[in-house]
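Notes for the one structure printed next.
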Amino acid sequence: MNTHRLWAAVLALAAGTPAALAWDADGHRMICRAAVETAAKQIGPDAPAWLTGPDSRAMISDQAVTPDRWRGTRVAQLTHLNNPDHYLDIEDLTDFGLSLKTIPPLRHEYVRQLSLAREAPGFKGTPMGGKLDPELVQGYPGFLPHAAMETWAKAVSALKTARVIEKLADPSRDSQLEMARDGARYNLGILAHYIGDASQPLHTTKHHHGWEGPNPNAFTTDRGIHSYIDGGVIRLHRITIDDVRAAIKPRTPDPVSPWNDVTAELERSHAQVEPLYTLKKSGDLDREPGRQFIIERLADGAATLASLYAAAWDASAIGPRDVEDFVKYDGSAENR
């Protein structure tokens with residue numbers, strides 16, 4: 001398929017999609033699979049097969065697509081909750097007196113500050129509501145780092161539960177152990193989606209569907225650029241998991257907080273917004289420079305995700321008190 005026909009096919013697909021995704025399923029799965037493999041090496045011999053083996057890699061990487069599947073369910077409460085979790089329009093934070101460095105790490109504190117700023121005289125940000133925004137999402141800059149951090153914490157909890165049940169070595173808990181492992185795989189997959197979103201530059205900017213506002217560099221205003229980056233350009237260049245693996249540069253988890261790893265990924269990705277538009281303008285997006293650009297973005301997301309996986313494993317280490325508390329509060333065998 002030539003470039004023009006591929007571009008037309010991508011636009012046709014985008015026209016039937018209610019909201020833009022970040023990377024198509026192939027991109028999210030590549031990031032996740034490469035991250036699980038890299039994390040297994042970082043964790044070392046303690047990494048269990050149920051977490052890093054071939055079947056688990058396949059399950060976790062398929063879960064990385066799930067938050068985009070949620071978008072296909074037209075329920076207002078789900079759209080209101082889910083859609084803003086996929087992005088952070090960093091430029092729009094200034095309307096609320098915030099920046100990527102000062103954004104509150106707690107979701108509800110962040111919402112409180114957004115609400116106070118919106119109610120202040122002279123607020124110039126995007127209005128919320130109206131016929132085009134029935135789910136009340138357009139006025140938010142986005143919640144991507146919060147969604148990632150909340151999911152990371154759920155993954156830690158699920159991993160700790162599985163490790164406690166393993167420690168008990170009680171055959172009557174086999175079904176409980178299976179469910180705990182599934183919970184860990186599920187949350188690690190959901191986390192992969194949000195980190196994958198963070199690595200796609202157009203999920204960090206108000207210029208997510210073509211350049212908005214003043215445009216001195218004459219960047220494209222075509223809304224189709226988003227869908228093209230998500231999948232069309234990956235297919236054009238035939239990017240594979242081997243390409244992503246080869247480009248990964250493993251990094252050590254932040255010793256203070258995984259929140260810093262998430263915001264650092266967003267910062268690196270946001271720095272690539274203008275270079276991406278420049279590649280599109282010059283035509284190099286469809287040539288080798290564009291291929292390398294996309295591979296580097298996928299690999300950067302995979303490296304961040306792997307560091308978060310390794311940090312989650314470390315944070316889920318158990319001690320005697322963890323086992324005692326689990327047994328104390330878990331209830332009777334009959335109820336299980």
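Any read-out appearing in this document is the output of simple, stated calculations on the displayed coordinates, not a laboratory observation. In this text, all values refer to a predicted model and were calculated from it rather than measured experimentally. Glycine gets a Cβ as well: all are built from the backbone with ideal geometry, and neighbour counts include every protein chain shown.
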Rounded to the nearest 0.05, what FRET efficiency do Val111 and Leu132 have when you use their Cβ-Cβ distance and R0 = 22 Å? 0.55
Using the Karplus curve 6.51 cos²θ - 1.76 cosθ + 1.60 with θ = phi - 60°, what ³J(HN,Hα) values do you get for each residue of the stretch 119-132, in whole Hz, with x for Gly and Pro? 7, 6, x, x, 4, 10, x, 5, x, 10, x, x, 4, 8
Extension gain Glu91-Arg251, at 0.36 nm per residue separation less the Cα-Cα distance, in nm? 54.9 nm
Quick check: the distance between the Cα centres of the stretch 39-72 and the stretch 155-198, to the nearest angstrom? 11
Only four residue types carry charge here, +1 at the Cβ of Lys and Arg and -1 at the Cβ of Asp and Glu. Report the dipole size of the chain about the Cα centre in Debye, rounded to the nearest 20. 420
In the structure displayed, which of Lys101/Lys206; Lys41/Lys328; Lys167/Lys328; Lys41/Lys167; Lys160/Lys328 lie more than 25 Å apart, Cα to Cα? Lys41/Lys328
Gain upon complete extension [Leu81, Arg287; 0.36 nm per residue less C-alpha separation]: 70.4 nm
Given charges of +1 on the Cβ of Lys and Arg and -1 on the Cβ of Asp and Glu, with all other atoms neutral, how large is the dipole of the stretch 123-195 about its Cα centre, in debye to the nearest 20? 200
Treating only the Cβ of Lys, Arg, Asp and Glu as charged (+1, +1, -1, -1), what charge dipole size does the stretch 86-163 show about its Cα centre? Round to the nearest 20 debye. 420
Within the stretch 136-239, trypsin sites (Lys or Arg not before Pro) in DSSP loop having at most 10 other beta-carbon neighbours inside 10 Å: Arg238
As an exercise, find the ratio Rg/Rh for the stretch 141-299 from alpha-carbon atoms, using the Kirkwood inverse-distance average for Rh. 1.09
Over the Cα atoms of the stretch 96-203 the radius of gyration and the largest Cα-Cα distance (Dmax), both in Å, equal 19.4, 64
Calculate, for Phe123 and Glu274, the FRET efficiency according to 1/(1 + (r/R0)^6) with r their C-beta to C-beta distance and R0 30 Å; round to the nearest 0.05. 0.65
Grab the DSSP H runs of the chain that are 4 residues or longer, score each as -39,500 (n - 2.57), total them, divide by all residues and round the 222 nm result to the nearest 500 deg cm²/dmol. -18500 deg cm²/dmol
FRET E, pair Asn260, Gln176, Förster distance 51 Å, beta-carbon r, rounded to 0.05: 0.90
